[in-house]
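The values are calculated or read from the model by the stated rules, or taken from the named source; none is laboratory data. In this text, all values refer to a predicted model and were calculated from it rather than measured experimentally. Note: ideal-geometry Cβ built from the backbone for every residue, glycine included; neighbour counts use all protein chains shown. All accessible areas refer to the heavy atoms of the entire protein, side chains included, with ligands and DNA or RNA removed. Shrake-Rupley method; radii C 1.70, N 1.55, O 1.52, S 1.80 Å.
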Amino acid sequence: MPVPWFLLSLALGRSPMVLPLERLVGPQDATHCSPGLSCHLWDDDILCLPGDIVPALGPVLVPTHLQTELVLRCGKETDCDLCVRVAVHLAVHGHWEEHEDEKKFGGAADPGLEKPRNASLQAQVVLSFQAYPTARCVLLEVQVPAALVQFGQSVGSVVYDCFEAALGSEVQIWSYTQPRYEKKLNLTQQLPDCRGLEVRNSIRSCWALPWLNVSADGDNARLVLNVSEEQHFSLFLYWKQVQGPPKPWWQKNLTGPQIITLNHTDLVPCLCIQVWPLELDSFRTNICPFREDPRAHRNLWRAARLRLLTLQSWRLEALCPLPAEAALCWQAPGGDPCQPLVPPLSWENITVNVLEFPLLEGHPNLCVQVNSWENLQLQECLWADSLGPLNDDVLLLETRGPQNNRSFCALEPSGCTSLPSRASTMAARLGEYLLQDLQSGQCLQLWNDDLGALWACPMDKYSHKRWALVWLACLLFAAALSLFLLLRKDHAKGWLRLLKQDVRKGAAARGRAALLLYSADDSSFERLVGALASALCELPLRVAVDLWSRRELSAQGPVAWFHAQRRQTLQEGGMVVLLFSPGAVALCSEWLQDGMSVPGANCPHDAFRASLSCVLPDFLQGRASGRYVAACFDRLLRPDAVPALFRTVPVFSLPSQLPDFLGALQRPSALRPRRLRESAEQVSRALQPALESYFHPPGTPGQGRGVGPGTGDGT
């Protein structure tokens, strides 16, 4: 589908609007006001300190409306600067307070007190300007004669000439009084660049402006800078941010006319272009031509990532701010759609900031959905990497009413089924058992507040009961079939022998155990390990990793937990996988230097540290072959960086050597070569998102992108 490049022409403007501007002569600021008013401009700027709102004890002047106009301030005919003229409209608010003598005696107060009511009103009006990187505040003194003082009526305006700002910049203007009686007035003024000025020849910074156009080049975008051959200028590409400085991407000084091609995959809405001549105090042209491009928005969402920071907090990471809504949902096994937990939880507005959900515990079935313009853009189960694959749990919603009344329903694809219930759904049939599990403390509380709670209750034991009759029927059928085949003994012997071999091979391939040991260098590496373990479970292998056994690890201690897992894995003919990282290499070197000390004994969750006292003797005494394999990730650690002692067993680099790695984990001849390649491709696909997130965090330019010095060619 071609890019709607007419949007670019709308953004850049083929024929920009021409602005005829009034000229002011002289460098001094000035002020003037409506007939009948008197005004004065303080000579020096003041500090921008608005203060708090205070009550008015009588009628006061307050700003009610701001109006701006662009003018030129010229020292010479051809030496002008762009300036913002501001008109502040004023009105009288408030009333005179009734004097205590009038309240007490019901008559007129002292005649000496009548004079203030007939006096003129004075006000100090502050104008505040902010245009990155400058800011200033000026003070205007205004006096209104008594004849014009009418409560609630406008008395006129005061005009300030003027605030100088750079071409193409955005000026924020505030107005308030000192002291401040009401909220500050605010106005934003976007200044045009040289293309929109009728008098560009009068502005010196516009004379040597490099003219920039954006056009289509197939699916890509072409930047055409039409300048003379001897003209030197700088080109800067950046991602504009809502707050703070822009994120730089690429900058280079160039000479003469240039054509630079941008890859269509690099186009995002906040990608902006800045170009300026390499001259003193030259004007910089800024354009953001892709803000309305639909494909730029698709690219932005395609590159966006959700990152789990803590149990309760996560962040949406993207190159540009993404106004959207996010909510938690529950993903049940089986491929059903993720069901939003709204209510009881609510949608949260997000951009790129850290967002927190009031969770008590994480769960692999909890996922985050991100919607923009009522369309689902992202969905990720953030807790699955650290807590393992989806569980066969059912989510119970508890609702609390008045007088401590409690009701429960089970979340199912068809909706939330009340418990107990006579419905024909699985949760309804097991409703009494689920409520008993909840009362006995077998369910995990995920969220809690005054109105209700969320509970995750295990269903695996009921699934086993449900399938018991099915397995019994299968066994009866197998017994009958065996009896029939025995009656035809001569024909069945060979078939039974082949069947026995295939069953043994299939059981061995499906059920081999693997214990994964690693050093917890940081949270990003832990997520990478979790992704590898989850992918291996799909082969399937029976994978044990401390990430999924934190409760047992805390209860037993890392040494006891590792010994139990290692003994069980080796007794079942499984393999122990040593996953090396820079941190693991450092720990092994430290252990070898310090002798028999157990490094990191104060770390309650690090099974790798605890395993060194047991793993190293196996290697030193030659018992590691056939029991252990080693692995590391490409670009993180080279295989030859693994300590020499551990290179006595096969060392694999992942994902480049995934077929050999999976072959070592399986029993001999368990998988055919074609099936082994398919399994390696499956694991590699599952690892790619975690690897990209680890080596290329969102917001950093990737290697080999389609823009840079080599992509431009002069014309």
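If you sort H89, H95, H363, H232 by accessible surface, 1.4 Å probe, largest first, the order is H95, H232, H89, H363. The P(r) of the stretch 291-362 has a tail past 19 Å containing 45 percent of all C-alpha pairs.
The distance linking the stretch 297-342 with the stretch 48-80 is 44 Å (Cα centroid to Cα centroid, whole angstrom).
Shape class for the stretch 364-409, computed from the alpha carbon gyration tensor (a ≥ b ≥ c): oblate, with a/c not under 1.5 and a/b at or below b/c. Put simply, the amide H of S519, placed in the peptide plane, has neighbours under 5 Å in S581, A584, leaving out anything fewer than 5 places away on its chain. Going by accessible surface with a 1.4 Å probe and the largest first, E141, E374 read E374, E141. Each residue of the stretch 23-33 is assigned a 3J(HN,Hα), and the resulting list reads 9, 10, 9, x, x, 8, 6, 8, 9, 8, 9 Hz, derived from the Karplus form 6.51 cos²θ - 1.76 cosθ + 1.60 (θ = phi - 60°), x at Gly and Pro.
The fraction of all Cα pairs in the stretch 208-296 landing in successive 10 Å bins from 0 to the largest distance is 16, 49, 29, 5, given as whole percents. Remark on the stretch 304-460: Rg and Dmax equal 16.1, 51 Å (Cα only).
Report note on the peptides 642-650, 221-229: ranked by the mean count of other C-beta atoms within 10 Å, highest first, their order is 221-229, 642-650. The stretch 422-446 and the stretch 610-629 have Cα centres separated by 45 Å.
When each of the peptides 514-521, 677-684 is scored by how many other beta carbons lie within 10 Å of its residues on average, the order from highest to lowest is 514-521, 677-684. Rolling a 1.4 Å probe over the protein heavy atoms leaves I46 with an accessible area of roughly 40 Å². About its Cα centre, the stretch 304-460 has a charge dipole of approximately 140 debye under the convention of +1 per Lys or Arg Cβ and -1 per Asp or Glu Cβ, with nothing else charged.
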